[in-house]
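Trainee: Following this message is one structure expressed as structure tokens.
The values are calculated or read from the model by the stated rules, or taken from the named source; none is laboratory data. What you are looking at is a predicted structure, and each value in this text was computed from that prediction instead of being measured. Counting neighbours? That spans all protein chains shown, and the Cβs are built from the backbone with ideal geometry, glycine included.
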Amino acid sequence: MSEFLQALDIIRPYVAGAVLILGAVIVFLGASGVLRLPDFYSRLHAAGVTDTLGTLLVLLGLILFSGFTLLSAKLALVGMFLLLTSPTATHAVANAAHKSGLKPLLGTWRSQPPKDEPGNNT
Amino acid sequence: MNVSNESRIGVFMGYALSLTTAMAVLWLVLSGHYDSTLLLGLGAGSAVFASFMAWRLHILDVETSPYHRLWRFVLYWPWLLMEVIKTNITVIRTILSPDMVLTPRMVRVKTLPDTDMGRALFANSITLTPGTVSVDLDSDEIIVHALLKEMTDKAGFADMAARSARASGEKPADKAGGMK
Amino acid sequence: MIFTAALLLMAGMTLMLVRLLRGPELYDRVLAVNSFGTKTVLFLCVFAFLIGRPDAVDIALLYALMNFIATIAILKFFRYRTLDIALSKMQRRGDHT
Amino acid sequence: MSTDFLTPLDAFTIIDLVFMTMLVVVGIAIVRLKDLFAVVMLSGVYSLVAAAWFVSLDAVDVAFTEAAVGAGISTVLMLGAMLLTAREAAPTKPIRHWVALLVVCATGAALLYATVDMPSFGDPLSAPNAYVGLEYLKRTGADTGVPNVVSAVLASYRGYDTFGETTVILTAGLGVILILGMGSPLRKKKKPAPAKTKTNTNKDEIIGAHHVVLRVVSKMMIPIIIIYAAYVQFHGDFGPGGGFQAGLIIASAIILYALIFGVEAAKEAVPPSLVRLGAALGVLIYGGVGVINLLLGGKFLEYNVLNPTHPAHGQELGIMFVEIGVLVTVASVMLIIFYGFTSRQPDISDKDW
């Protein structure tokens, strides 16, 4: 049993690093989505990727790094507050846009097949 | 609401107590200095001060102090986490696909939890799952913007509404007196 | 590894900056600032490990707590052209559910 | 300066360079944009980048202050100021462009010339790293019992300076009162309705179920922000933080409340008279600690005498009270400014002041 725990402790930094990198990659993908997507409302969803899964994975990775410490508890608090406030902020922005009459793109939208330069479609 | 004055004070004290306790716990997590009596005392004082401010600002009620219902939320959270992961994968796949096809929709969701707490939780859950963003919350509907039309599944929203209603402490028979 | 993560987050911040400068709607800018804030919070957390100063997590916590205040102010500014009206009715004591 | 670029680019230099580039880009964009609203957004990002950059320079205390200012309050106050003015910057006459450019270029050249004389980053022989700074680092622990040297320098070694700064903040608040007034609640109560109807929205939009999400989350956050401010206040001895930051954070909590429930409700709970009192009271607390020291036979702001048997404890105690004074003044002045800006809406008739 203790050997198993020891083994766990040895692989823990690697797992933590992998989770951290995955999270950071997802944050980056979300950011590139914010550049790539066609209109304001669809960009909200890409930003949401950063706000949710990206945040969770980055913080989880850091928590795995530091182990069972007070720092982990603080990181968990950061995550909790972010998950509480960021959808609220997103809702506020979306609401402001909607109320002021910004029309969403509806129907079907395709990115131009020949060219996918990120962000040239606005 | 027809609550007798005494029980109202009792409920009120309950909120104050649960808020103060939660704030004290938060202080302990933040502080990390458990050997200094001065700091512990200051922490207790600060927790009381936070509750006092809540009272002073007239916000000392269940929405400010939902901490005695936290365990319900703990039950809700794993389910929401799974949803978040699932929808995230869908959205990331959409963003990454070289020829992106979006089918954005604005839909009205009519099934809502009864209390404001539940509605706020529901609306935030919708926003937390990428692909859907709650744009406007009305007294009888939520307007949701969805990135793909597969995400506007009525049953899915109804399920989430029921779950967030339960997580915010709503009993099926409890007709809450929130704003209508 | 931590350093790579920090660089990725910085790349994400840069992309947000591009969106912020490009607009085109003001809402896009608000969205970009918001997302930039989230990324900064994450970056500060990662950076706390990189330099071995857990204090940086306190700053991240501060941003996580307070960044949405600005967004609410922006919402009020947009919709009502004023900051002093109420967005929500005060629920007096006794309205407990 | 020059030696920095000769060493191979290490990890942190890359990060610093990226952040500096971002700051420059944002700065140029702020100068070039006409839309004031976009400028407010950009200055928010400027603050975020600056905070991250300060952390990377190991100046956590400075970063913390930047964060406390930039996270909520500066944007809110800038929007409040924007409400009093036009949304777009007025075009300036081209001739003034040239004069300004000339001044900026001259200043820039002078600054660049000055950098040649500056010690390189982290030079152990540079002034801040040599004489008095070292002394502070060496003696702080024994003198004050406060682990965070920055707090000790701020509140104890340089207690006079901080007293002066606190007074400056009070003066700023007084200036805002003199220019914008405080929006006396008695006068406004007589006619609350006309003050609100001029916005082009119907009533049920203003007050209704629309902002349930904002209300519920904000109500939850307000006590949490307050307890966090208390944590920042009382842990300034150990980590970054102290009265300035905590005051800003508490003021942010009340501003958040005012944003959700209206400034009227906030004024009811935290009346302007109280805030005015608080602004002066904080300075009084700070100075009062000094006077008590005088009465106990010490010098002004010499906290040692607060605990004759254990001077370091006296220092700790003195620093704590002084920081409370700073907190009260800073929080009050921030609210004075906020009340001043928001109660001075263009659609409220000006003859009240």
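Trainee: I need the full set of residues from segment D:137-151 which are crowded, with 18+ Cβ neighbours inside 10 Å and not in a loop (DSSP other than H, G, I, E, B), in order please.
Mentor: D:T140, D:T144, D:V149, D:V150, D:S151
Trainee: Mind telling me which of the residues A:R12, A:R36 ends up being more than 11 Å from the chain's Cα centre (by Cα), touching a residue at least 12 places away in the same chain (Cβ under 8 Å) and over 19 Å from C:S35 (Cα atoms)?
Mentor: On the way: A:R36 fails: over 19 Å from C:S35 (Cα atoms).
Sole residue among the options that is more than 11 Å from the chain's Cα centre (by Cα), touching a residue at least 12 places away in the same chain (Cβ under 8 Å) and over 19 Å from C:S35 (Cα atoms): A:R12.
Trainee: Answer with yes or no whether D:I285 is more than 24 Å from D:L77 (Cβ to Cβ) and part of a helix (DSSP H, G or I).
Mentor: Working: more than 24 Å from D:L77 (Cβ to Cβ): yes; part of a helix (DSSP H, G or I): yes.
Spelling it out, D:I285 is indeed more than 24 Å from D:L77 (Cβ to Cβ) and part of a helix (DSSP H, G or I).
Trainee: Among the numbered criteria (1) more than 10 Å from chain D (Cβ to nearest Cβ); (2) buried (at least 24 other Cβ atoms within 10 Å of the Cβ); (3) among the hydrophobic types (A, V, I, L, M, F, W, C), which one does B:V101 miss?
Mentor: (2)
Trainee: Another question, then. Filter the helices (runs of 4 or more DSSP H) completely within segment D:1-90 down to those with at least 3 residues that are at pLDDT 90 or above and out of contact with any helix residue (DSSP H, G or I) (no Cβ under 6 Å at 6 or more places or on another chain). Even if it seems obvious, please write down each step before you answer.
Mentor: Values: elements: D:2-6, D:11-32, D:36-56, D:60-68, D:74-83.
Answer list for segment D:1-90: D:11-32.
Trainee: For segment C:69-88, does any single residue satisfy the condition of being modelled with pLDDT of 90 or more, at the interface with another protein chain (Cβ under 7 Å from one of its Cβ atoms) and under 29 Å from D:A266 (Cα atoms)?
Mentor: Initially, segment C:69-88 is screened for residues modelled with pLDDT of 90 or more, giving C:69.
Those left that are additionally at the interface with another protein chain (Cβ under 7 Å from one of its Cβ atoms): C:69.
Cutting the leftovers down to under 29 Å from D:A266 (Cα atoms) gives us C:69.
Yes - at least one qualifying residue is present in segment C:69-88.
Trainee: Looking at (1) modelled with pLDDT of 85 or more; (2) surrounded by fewer than 17 Cβ atoms within 10 Å (Cβ to Cβ), which is the only condition B:I92 fails?
Mentor: (2)
Trainee: Quick check on my filter: what residues within segment C:26-66 are under 14 Å from D:V232 (Cβ atoms) and either more than 7 Å from every other protein chain (Cβ to nearest Cβ) or touching a residue at least 24 places away in the same chain (Cβ under 8 Å) (or both)?
Mentor: C:Y63 - this is the single residue of segment C:26-66 that is under 14 Å from D:V232 (Cβ atoms) and either more than 7 Å from every other protein chain (Cβ to nearest Cβ) or touching a residue at least 24 places away in the same chain (Cβ under 8 Å) (or both).
Trainee: If you go through segment A:21-68, how many residues are more than 7 Å from chain C (Cβ to nearest Cβ), among the polar types (S, T, N, Q) and touching a Leu at 6+ places or on another chain (Cβ under 6 Å)?
Mentor: Let us first name the residues in segment A:21-68 that are more than 7 Å from chain C (Cβ to nearest Cβ), namely A:22-23, A:26, A:29-30, A:33, A:36-39, A:41-42, A:45-46, A:48-49, A:52-54, A:56-57, A:60-61, A:63-64, A:66-68.
Then drop every residue that is not among the polar types (S, T, N, Q), which leaves A:42, A:52, A:66.
So of that shortlist, the ones also touching a Leu at 6+ places or on another chain (Cβ under 6 Å) come out as A:42, A:52.
Looking only at that region, the number is 2.
Trainee: Just to be sure before I move on: is A:T85 at pLDDT 90 or above, closer than 21 Å to C:G12 by Cβ and facing chain B (nearest Cβ under 8 Å) in the structure I sent? Break it down stepwise before answering.
Mentor: Values: at pLDDT 90 or above: yes; closer than 21 Å to C:G12 by Cβ: yes; facing chain B (nearest Cβ under 8 Å): no.
When the stated conditions are applied, A:T85 does not pass them.
Trainee: Which numbered condition in (1) outside any helix (DSSP H, G or I); (2) among the hydrophobic types (A, V, I, L, M, F, W, C); (3) free of Cβ contacts under 8 Å to residues at least 40 places away in the same chain is the only one that D:V291 fails?
Mentor: Every condition holds for D:V291 apart from (1).
Trainee: Do you know which of the residues in segment D:234-248 that are under 11 Å from D:A155 (Cβ atoms) and buried (at least 24 other Cβ atoms within 10 Å of the Cβ) is modelled with the lowest pLDDT?
Mentor: Of the residues in segment D:234-248, the ones under 11 Å from D:A155 (Cβ atoms) are D:236-237, D:242-244.
From what's left, buried (at least 24 other Cβ atoms within 10 Å of the Cβ): D:236, D:242-244.
On the way: D:G236: 79, D:G242: 83, D:G243: 86, D:F244: 89.
Filtering first and then ranking leaves D:G236.
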